[in-house]
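Enquirer: I have a structure I would like to understand better, so I am pasting it below and will then ask my questions one at a time.
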Amino acid sequence: MAECTYQKTLSELVDEVKKYTKFGRVADYIPVLGEADPNALSVAIYKGKGSCIAAGCIEEKFTLQSISKVLALALAIMDRGEEYVFSRVGMEPTGDPFNSIAKLESNSPSKPLNPMINAGALAVTNMIIGKNTNEKLERILALIHEMTSNTDIGYCNRVAHSEFETAFLNRSLCYFMKQHKVIEGDIEELLELYTKQCAILVNCHDLSKIGYVIANEGRNPQTRKQVIPQHIVRIVNTFMVTCGMYNSSGEFAIRVGIPAKSGVSGGIMGAVPHGIGIGIYGPALDERGNSYAGMKLLESLSIKYDLSIF
Ligand code: GLN
């Protein structure tokens, strides 16, 4: 099919699922996120070597939030190795919400279930190497720059600050894990790094490029550089399938079947193995914290182009 035919189909799909934005709600537990336009919906699909189709307001920027968990995990494994990382964080999905504290106490040993929930992600971010918060953040950004070939990507201080000031639950998770020696060091510094990592600003096009690198064995198609080693990409891909959409991951695997990761800003990053990268932004969320219309859009795309990996 010609590029313009795909483009037309994509625009039609976005128009069709846009009605679902009104069933969702913008997250406001991080106060600044509450300012997002609930009606927004945009998508970019990257096919490598500069080829991209998009629909909606794709220049609009949003923060990665939980999507950053995938990148922090890749970096932590590169820094510390698999054995170290998974001695402190588990590999099992959970039916609990992403910010739940319950299993930390009931699990033995007391380590977080997986790196895609907040407890696990905080433990993972704690493993990133650097002499201070700034250097660690710069290393996360450098990885994203290498994946996207876009060195303008930075973070939004307003969103980071807004989360830092209100992150009482994440603070509790951290102090609990420090008590149980899952994490070490200064908790306020860790929260500063984590909230800045979550506040990294991208648009759908950037996000689709990140998805593309993950879909294609860790290689940037423009520079041909192996940005993330292949065996680590395999691990993050698997977590995206089993835990990427929080406690909707099972239903999402059945209905959509694309490795994906969502964030409470309304972003979803999709990675179709050996295929395309997808970046979606739709800030009105369902009750589990996934973009309402974004999920519908991915479902339509998966059915239309037979994208499920199952
Ligand atoms: N920064 C957010 C938090 O920790 C990320 C959560 C998310 O996107 N699900 O609450």
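Where a number appears in this text, it was derived from the coordinates with a stated rule and is not lab data. Bear in mind that the values here come from a model prediction, so they are computed numbers and not experimental data. Ideal geometry is used to build each Cβ from the backbone, glycine not excepted, and the neighbour counts take in all protein chains shown.
Enquirer: Please give the peptides 222-230, 153-161, 258-266 ranked by average Cβ packing (other Cβ atoms within 10 Å per residue), highest first, as a rough proxy for protection.
Expert: Averaged packing, sorted descending, gives the order 258-266, 153-161, 222-230.
Enquirer: May I pose another question? Search the structure for amide H atoms under 5 Å from the amide H of Ile200, placed 1.01 Å from N in the peptide plane, and list their residues when 5 or more places away or on another chain.
Expert: Leu64, Gln65, Cys156
Enquirer: Explain nothing, just the number: dipole magnitude of the chain about its Cα centre with +1 on each Lys and Arg Cβ and -1 on each Asp and Glu Cβ, in debye rounded to the nearest 20.
Expert: Its charge dipole is roughly 540 debye.
Enquirer: Applying a 10 Å radius around every beta-carbon, put 122-133, 237-248, 77-88 in order of their mean neighbour count, most first.
Expert: Most protected by this proxy first, the peptides run 237-248, 122-133, 77-88.
Enquirer: About the Cα centre of region 66-198, how large is the charge dipole given +1 on each Lys and Arg Cβ and -1 on each Asp and Glu Cβ? Please answer in debye to the nearest 20.
Expert: That gives a dipole near 180 debye.
Enquirer: Here is a further query. Helix-derived [θ] at 222 nm for the chain: sum -39500 (n - 2.57) over DSSP H runs of at least 4, divide by residue count, nearest 500?
Expert: -14000 deg cm²/dmol
Enquirer: So if I place +1 on the C-beta of Lys and Arg and -1 on the C-beta of Asp and Glu, and nothing else carries charge, what would the dipole magnitude of region 23-113 be about its Cα centre? I want it in debye, nearest 20.
Expert: Magnitude of the dipole: close to 260 debye.
Enquirer: Let me check I have the definition right: for the chain, take the eigenvalues of the Cα gyration tensor, multiply each by 5, take square roots. What are those semi-axes in whole Å, largest first?
Expert: So the three semi-axes of the chain are 29, 21, 18 Å.
Enquirer: Still on this structure, I have one more. Hey, what do the phi angles of region 8-23 turn into as Karplus ³J(HN,Hα) couplings, whole Hz, using 6.51/-1.76/1.60 and θ = phi - 60°, x for Gly and Pro?
Expert: Karplus values, whole Hz, x for Gly and Pro: 5, 4, 5, 4, 5, 4, 4, 4, 5, 8, 4, 4, 6, 4, 6, 7.
Enquirer: Using Cα-Cα distances under 8 Å and only pairs 6 or more residues apart, what relative contact order does the chain have, in percent?
Expert: About 27 percent, as a whole number.
Enquirer: State, as an integer percentage, the relative contact order of region 66-198 based on alpha-carbon contacts under 8 Å between residues 6 or more apart.
Expert: The normalised contact order for region 66-198 reaches 29 percent.
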